[in-house]
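Notes for the one structure printed next.
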Amino acid sequence: MEARRILTLCLILLCGAVLHAQTFETGGLVGAEYEMKILKGWHWSAETQLRFDQHFTHYDRWKVSVGTDYTFLKKHVKIGAYYSLLNYQSDEGVFDWRHRVTGTLTVSHKFSNWRLAYRAAFQWTFRDERRGSYRFNPKSYMRNRLTVTYSIPNKPVKIYASEEFWWRLYHPGKNIIDNLRTTVGVQYSINKRHTLDFYLRSNNEVQVSNPEHKLYLGIKYSFD
């Protein structure tokens with residue numbers, strides 16, 4: 001019952017944020033991730049994701065990422081480095097390739113069935129100058145995310161909620177927070193090596209002209 005109340009509260013907060021927006025659209029996320037242990041505390045991972053918008057009718061983005069991370073201090077601290085190749089499609093059907101480099105630092109603490117984690121990520125996204133002239137290239141951000149996870153006792157299920165904001169770094173004099181992301185989800189462990197993740201994600205641009213508000217329904221399959 002406690003887990004149900006927590007999930008219900010998270011959904012109410014998420015829906016409230018979406019309904020507060022003047023305009024928004026829906027979309028979908030489908031992804032898969034593989035993780036492999038290299039040494040104690042050190043892992044390598046690969047991930048791919050498809051994103052659809054315009055109410056699930058339009059292919060928006062494909063991403064493939066590879067990276068590595070290292071956990072230390074009794075699993076309280078994790079550092080990571082990742083590279084992503086991204087393919088975007090504009091509303092006019094034009095495809096655009098981009099490259100992204102990300103470095104992360106995560107600090108977490110577990111108490112009883114709860115886990116609290118804060119992640120700081122610095123990312124740089126590069127666009128192809130041969131396809132056009134860009135005022136800012138790369139675009140750099142610091143992303144800050146706080147996640148609360150609850151493991152249901154004696155059940156292979158975890159529920160979680162997170163809040164993340166993008167701090168713009170690439171624009172001198174306008175280093176503002178321009179994007180907020182709220183996520184609530186449920187993780188189901190099929191067994192020790194296979195996990196399914198079902199979630200709702202609300203993306204909301206702020207402090208920009210013509211802000212976009214999108215609600216995504218996502219599913220992710222993870223194995224190691």
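Does Ser140 satisfy the condition of being under 22 Å from Arg100 (Cβ atoms) and small (Gly, Ala, Ser)? Considered against the rule, which asks whether it is under 22 Å from Arg100 (Cβ atoms) and small (Gly, Ala, Ser), Ser140 comes out as yes. Kindly indicate whether Val186 is closer than 24 Å to Gln49 by Cα and within 15 Å of the chain's Cα centre (by Cα). Here the answer is yes, as Val186 does meet what is asked. The criterion of at least 1 residues that are hydroxyl-bearing (Ser, Thr, Tyr) and under 18 Å from Arg143 (Cα atoms) is met by the following strands (runs of 3 or more DSSP E) wholly inside the range 172-224: 177-189, 194-205. If you go through the range 133-142 one residue at a time, how many are touching a strand residue (DSSP E or B) at 6+ places or on another chain (Cβ under 9 Å) and modelled with pLDDT under 85? Residues flagged as touching a strand residue (DSSP E or B) at 6+ places or on another chain (Cβ under 9 Å) and modelled with pLDDT under 85 within the range 133-142 amount to 1.
Could you identify the single residue in Ala161, Ala121 that is in contact with a Cys (Cβ under 9 Å, 6 or more places away or on another chain) and aliphatic (A, V, I, L, M)? Just a single option satisfies the conditions, and that option is Ala161.
When the range 133-165 is filtered for residues that are hydroxyl-bearing (Ser, Thr, Tyr) and surrounded by 15 or more Cβ atoms within 10 Å (Cβ to Cβ), the ones remaining, listed by number, are Ser140, Tyr141, Thr147, Thr149, Tyr150, Ser151, Tyr160, Ser162.
Checking the condition closer than 21 Å to Val64 by Cα and not charged (D, E, K, R), which residue from Phe126, Phe165, Phe111 passes?
Phe126
Can you say whether Gln187 is in contact with a strand residue (DSSP E or B) (Cβ under 8 Å, 6 or more places away or on another chain), of a type in the set (S, T, N, Q) and open to solvent by 40 Å² or more (accessible area, probe 1.4 Å), as far as the supplied structure shows? Judged against the criteria, Gln187 is a match.
Among the residues of the range 52-89, write down those that are charged (D, E, K, R), out of contact with any strand residue (DSSP E or B) (no Cβ under 7 Å at 6 or more places or on another chain) and touching a residue at least 24 places away in the same chain (Cβ under 8 Å). Within the range 52-89, just Lys75 meets the criteria.
Could you list, in sequence order, the residues of the range 43-63 that are at positive phi and surrounded by 13 or more Cβ atoms within 10 Å (Cβ to Cβ)? Hit for the range 43-63 is Gln54, nothing else.
The values are calculated or read from the model by the stated rules, or taken from the named source; none is laboratory data. This is a predicted model, so every value here is computed, not measured. All Cβ positions, even for glycine, are placed from backbone atoms using ideal geometry, and neighbour counts span all protein chains on display. Each accessible area value is taken on the protein alone, full model and side chains, heavy atoms only, with ligands, DNA and RNA left out. Shrake-Rupley method; radii C 1.70, N 1.55, O 1.52, S 1.80 Å.
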